[in-house]
Amino acid sequence: SRHKAVFNLPVPKASAMDNTSQALHREGQTGTLANVADENKPWDGDSTTEKGCCIYPGFTEHAYRLVFPFEDHFAPNAPHLLTVMPSGVVETNTSLEPEKEEALIAFTYPQSISDNLAESLVSCKPEGNVGDTAPVDSSGRILRDTAFVWRREDGTNALVQTWPTTVNEQFRKTFEISEGTNPDSEKFQPQAVSEFQETMVRLFGSAASNHPVLFCHKKTENTSPAVVGTSEEVIAHLGENPELMRKLAIHSVDRESLSFVSDGTDGDGNKFEKHFTMTKGEQCVLYRKMGWDTMGCTKPLAQFLRDAELHQPSAAEVAAENTDAGHSSDSTGLATL
């Protein structure tokens with residue numbers, strides 16, 4: 001087997017299981033860890049932790065990204081970045097200082113946001129990026145007044161969810177990069193490219209339209225656990241399992257605010273913290289992001305499955321290990337085979 005099989009003993013609640021399964025089927029991925037357990041009776045795990053989560057033994061990610069290396073090309077311009085999530089939550093609130101290797105990165109498919117959220121006030125957490133000095137927005141702006149949300153001609157609201165990255169030597173080694181030319185219009189959807197470029201013009205001015213976008217792709221095998229469930233279930237399960245938090249590079253969780261702080265490390269070994277707020281009732285994935293920055297991270301499940309395929313232990317592997325070794329569990333609430 002490629003991977004050490006790690007999954008949770010409790011069979012998830014039916015409602016959570018149904019929602020997760022529906023999302024997996026929509027993205028062409030079938031089955032869940034609960035299904036695997038059911039196929040290998042007898043399986044009588046400790047059901048005292050019934051958080052409704054599924055914990056997968058990793059995932060394969062095909063990351064397709066649009067990147068705009070603004071670097072110092074537009075100096076002294078230092079526009080303000082808000083990383084707006086589809087939920088309307090602003091995760092990053094910072095100034096884009098003109099420096100070598102600095103860039104913005106985004107997804108390669110169009111995103112939208114509802115009228116209600118587009119018309120909501122910009123609400124930036126001062127801790128959106130721990131260590132940043134950007135103030136909480138107090139201008140009374142709505143999201144549609146920013147560079148990242150606007151009304152399309154068809155009446156829907158465009159959303160460009162973009163965040164900072166560093167296009168250094170390691171980035172160029174990790175990603176396959178096509179500069180200025182779209183190598184695959186199915187993976188890099190033209191509408192998403194156009195809307196990303198529109199946001200860059202809104203941020204940096206008309207000169208940005210002459211600056212090439214990078215079309216980037218990388219494949220990653222991630223063997224860290226991936227926790228799937230509603231935001232409430234995931235946060236509750238993490239809060240009761242400090243060893244799982246450590247494996248996922250999570251510093252702390254707050255069940256009341258449905259938030260967590262990641263314990264991050266960049267490629268130079270520098271430590272940092274980043275705050276994430278999750279959306280009530282949303283099916284999500286919490287995982288350990290690998291790359292130049294390594295940290296705990298979260299995405300809505302449907303968004304996660306656009307880029308990634310969750311690993312599942314084979315039925316034969318589970319059955320063999322159950323027979324030979326029985327179940328051993330650690331303080332994470334996981335069964336380790």
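The values are calculated or read from the model by the stated rules, or taken from the named source; none is laboratory data. Predicted model, so just to flag it, every value in this text is computed and none were measured. Every residue, glycine as well, gets a Cβ built from its backbone with ideal geometry; the counts of neighbours run over all protein chains shown. Remember, those area values only see protein heavy atoms, side chains included, never the ligands or the DNA or RNA. Shrake-Rupley method; radii C 1.70, N 1.55, O 1.52, S 1.80 Å.
Observations
- Residues residue 153 and residue 292, FRET efficiency given R0 of 30 Å [Cβ-Cβ distance, rounded to 0.05]: 0.20
- In sequence order, calculated HN-Hα J values of region 93-109 (Karplus, 6.51, -1.76, 1.60; Hz; x Gly/Pro): 9, 7, 8, 9, 6, x, 9, 4, 6, 6, 7, 10, 10, 8, 6, 9, 10
- Exceedance of the 20 Å cut-off in Cα-Cα distance is limited, within the set 100/218; 173/271; 247/274, to 100/218; 173/271.
- Measuring with a 1.4 angstrom probe and ignoring ligands and nucleic acids, residue 150 comes out at about 30 Å² accessible.
- Cβ-based net charge around residue 155, under 14 Å, with every Lys or Arg adding one and every Asp or Glu removing one: -1
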